Structure formats: C-alpha cells, structure tokens
Amino acid sequence: MSHDEHDHGHDHHPEPLAPVEARVAAIESVLIEHGMFDTELLDGIVENFEHNLGPLNGAKVVARAWTDPGYKAPAYRSRAVREPRALLAEMGTPIPEDVEIRVWDSSAEVRYLVLPERPDGTDGLSEDELVTRVTRDSMIGVARL
C-alpha cells in the first residue's frame with residue numbers, strides 16, 4: 001500500500017495558527033487545565049453572538065434603513081457622531097450615563113456595514129418582519145437577498 005493510499009486520519013499540512021490564535025489557544029488550554037474554563041459555556045456564548053446578537057443587531061439597522069428614509073441621511077450620520085447615546089436610545093438600546101461611548105468617524109478602526117438592496121415584494125413588511133430577511137452575508141456584501 002502506497003503512502004497516498006494509507007488513511008492516517010489527519011492532515012499532512014495543517015495551516016499554522018495566526019499569532020493571536022496561538023495565544024488564545026494557549027490561554028484556553030491553561031484555563032481548562034486548571035478547571036477555570038467551561039468550553040461548553042463559551043461555545044454557547046459564541047453561538048448566541050454569531051446567530052442572535054451580532055447579525056440580529058445589524059439586521060435591525062438594515063431594516064430601519066429600508067423603512068425610514070431619513071435614517072442614513074447626512075444629517076443623521078453627523079448626529080450619530082454628535083449624539084450617539086440619543087440615537088442608540090431611539091433604536092431601543094439605551095446606554096447608561098456612566099458608560100463611555102466613543103465614536104470613530106471613518107477611520108481604519110471602523111467596520112463598515114454594507115446596506116443590502118431591499119428585496120422586491122417587501123414594501124408592506126414591518127421592520128420586525130424585515131429583520132428576519134437580512135442575513136450576515138448580505139450585511140458584509142457577499143450575498144444578495
């Protein structure tokens with residue numbers, strides 16, 4: 001049996017971890033070893049963020065932009081820089097006064113949201129109904145709705 005025909009059950013050329021991935025893996029290993037880390041709990045938190053919190057918040061922004069013509073207007077954007085706390089509260093996310101809010105206006109540290117084109121046939125849908133149509137991939141510009 002040749003080497004190629006032999007099933008070893010592993011990759012011969014695994015991709016090396018990026019430096020930050022290696023550090024995270026090392027820290028995670030030590031925390032697990034000392035009983036200070038619950039991988040199932042972390043997996044649940046990551047799963048919740050990936051499928052509920054992160055994409056859901058972006059989907060709400062997209063649905064609001066589709067239903068409120070003034071939402072992405074220049075005056076609104078400048079108000080987002082001047083009054084972020086007020087705008088977040090209007091969107092249903094009040095931020096306590098003792099929490100600092102920092103706004104970076106168009107810098108390399110900002111993650112941009114791609115506002116997907118509103119799908120045909122959704123004119124009569126509410127914001128809440130539209131939220132369920134928005135996907136993560138459409139928000140990062142790699143899929144159309």
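None of the figures in this text is laboratory data; all of them are computed from the coordinates on show. Nothing here was measured: the structure is a model prediction, and the numbers come from that model. Every residue, glycine among them, receives a Cβ derived from its backbone with ideal geometry; neighbour counts consider all protein chains shown.
So between Asp38 and Glu21, what do we pick up on full extension, going 0.36 nm a residue minus the alpha carbon distance?
Full-extension gain reported as 4.3 nm.
If packing is taken as the average count of other Cβ atoms within 10 Å, what order do 116-123, 27-34 fall into, highest mean first?
Averaged packing, sorted descending, gives the order 116-123, 27-34.
For a protection proxy built on the mean count of beta-carbon atoms within 10 angstrom, sort 62-69, 39-46, 127-134 highest first, please.
62-69, 127-134, 39-46
On a full-extension model of 0.36 nm per residue, what is the gain between Glu127 and Ile140, subtracting their alpha-carbon distance, rounded to one decimal in nm?
2.7 nm
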